[in-house]
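Comments concern the structure below.
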Amino acid sequence: MNATSAARALFVEAFSSTPIGTWSAPGRVNLIGEHTDYNDGFVLPFAIQHRTAVSLGLRDDDRIRVVSALTGDTVEVALRALDSLFPAQRDEVPDWARYPLGVAWALGAEGRRGVDLAFASNVPIGAGLSSSAAIESATAAALNDVWQLGLDRSTLARAGRRAENDAVGAPTGIMDQMASMTGRADAAIFLDCRTLTAELVDLGFVDAGLELVVIDTGVAHAHASGGYGDRRTACERGAAALGVAALRDVRVEDLPRAAELLDNVTFRRVRHIVTENQRVIDTVQVLRSEGPRAIGPLLVASHASMRDDFEISVPELDTAVEASLAAGALGARMTGGGFGGAAIALVARDDVDAVVDAATAAFAASGFRAPTCFTVAPSAGAARDD
Ligand code: GAF
């Protein structure tokens, strides 16, 4: 059953009534541009075919009920109570329910009509494929329609980020929500995270005989704790020491001066962001001038920068990348926030099995849990399904 049918079936089972509609939104992979979003920089993600769906029913009061196929539990609160729950009392809300309730809160729920929401998803959780942005974007798209808010996609993406930052407590940027809201089949989104200007870039994987393979390491990550926030703090420290509003404003040619001003760790964090921004720009240019077969070296350089300078890779991700490249991938890198999750490999169609076999064998040889491997296709963003 796809996510849309599963959400509808769950709604009927949980609420004993028929939903008025179902909306869905995708997860994403990021082709290149990691941790650049909260530095006002550039990213190049694309929405994938895995989606989270929400079936919605209107209520006659001001309450919101949410139920998830994942956990099976139902959470119910008054819309007017959301302002006192978020952000201060978020611990009173079960983890998963902070995402949809946080979006309702971020959209300004008080005074709106109550809703019942049932969620189902086939976006892998904890794999760095933005299962959280998918639930946020599906919720935002649905509430925008039924509450007749008339908000554009960037504004809905910002509401999703606010939910993530303040209701969930993860200090993330805007990339995932923008990818989930604005994805298009066959294209990546070249996003300027300072202005939120988004350009679609044709990927041409099909015509070039290429597949993008996801190698999910099974190492779970969470951005509400630990390393992600530390990296963000280091970037802010670097920007302040260099006297710029954000690391977006530092150019590659400024790096020698930065090396003199910053301690070694902060400098390496800065160098990752500055060179990664340039790699995103270069990738877009290479895609447009030479096509997707030529972007491999940029993906490989991005991974090395994350492993050595930003230090957000883990042995499983490095193994996935090295094994893919050894088996003939044109390029490979970890994708998403790091500290676990998935790697991506750009692979000629005929080499997909060899890459998957090589990654699986390398994991076994290292004593790691077997990875889950699948291909992803650039897909449409949030939409109403029925
Ligand atoms: C996570 C965050 F949610 C994004 O905002 C982005 O920072 C990414 O990690 C790293 O590029 O997905």
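The values are calculated or read from the model by the stated rules, or taken from the named source; none is laboratory data. Given the structure is predicted, the values throughout are model-derived calculations rather than measurements. All Cβ positions, glycine included, derive from the backbone under ideal geometry; neighbour counts span all protein chains shown.
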Quick check on Ser180: is it buried (at least 23 other Cβ atoms within 10 Å of the Cβ) and either away from the ligand (no atom under 14 Å from the Cβ) or of a type in the set (S, T, N, Q) (or both)? yes
Scan of the range 186-207 for residues that are crowded, with 22+ Cβ neighbours inside 10 Å and among the small types (Gly, Ala, Ser), ordered by number: Ala188
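Okay, residues lined up against (1) farther than 23 Å from Met306 by Cα; (2) in a loop (DSSP other than H, G, I, E, B):
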position	(1), (2)
Val201	yes, no
Ala208	yes, yes
Val214	no, no
Gly218	no, yes
Tyr228	no, no
Ala234	no, no
Ala239	no, no
Val244	no, yes
So which of Glu322, Glu316 ends up being crowded, with 23+ Cβ neighbours inside 10 Å and touching a residue at least 24 places away in the same chain (Cβ under 8 Å)? Glu316
Determine whether Arg349 is modelled with pLDDT of 95 or more and within 27 Å of Ile189 (Cβ to Cβ). yes
Return the only residue of Gly209, Gly160, Gly204, Gly218 being in contact (Cβ under 8 Å) with a residue 12 or more places away in the chain and either within 16 Å of the ligand (Cβ to nearest atom) or of a type in the set (A, V, I, L, M) (or both). Gly160
Return yes when Gly102 is modelled with pLDDT of 95 or more and farther than 23 Å from Ala220 by Cβ and no when it is not. no
Return only the number of the condition from (1) small (Gly, Ala, Ser); (2) over 30 Å from Asp202 (Cβ atoms); (3) crowded, with 22+ Cβ neighbours inside 10 Å that Gly41 does not satisfy. (2)
Give the residue that is surrounded by the most Cβ atoms within 10 Å (Cβ to Cβ), with candidates limited to residues of the range 241-255 that are over 18 Å from Arg279 (Cα atoms) and over 27 Å from the mean Cα position of the chain (by Cα). Leu242
Residue among Leu70, Leu58 that alone is more than 27 Å from Pro292 (Cα to Cα), away from the ligand (no atom under 12 Å from the Cβ) and at pLDDT below 95: Leu70
Being among the small types (Gly, Ala, Ser), outside the structural domain of Asp37 (by TED's automatic domain parsing) and either surrounded by 20 or more Cβ atoms within 10 Å (Cβ to Cβ) or within 24 Å of the chain's Cα centre (by Cα) (or both) narrows it down to one residue among Ala364, Ala359; which is it? Ala359
Residue that is within 14 Å of the ligand (Cβ to nearest atom), at pLDDT 95 or above and among the hydrophobic types (A, V, I, L, M, F, W, C), where the choices are Ala134, Ala120: Ala134
Please count how many residues of the range 32-55 are more than 16 Å from the ligand (Cβ to nearest atom) and among the hydroxyl-bearing types (Ser, Thr, Tyr). 1
Against the conditions (1) away from the ligand (no atom under 12 Å from the Cβ); (2) within 22 Å of Gly41 (Cα to Cα); (3) surrounded by 24 or more Cβ atoms within 10 Å (Cβ to Cβ), where does Met175 fall short? Just the number, please. (1)
Going residue by residue through the range 8-31, is there one that turns out to be under 21 Å from the mean Cα position of the chain (by Cα), away from the ligand (no atom under 16 Å from the Cβ) and charged (D, E, K, R)? no
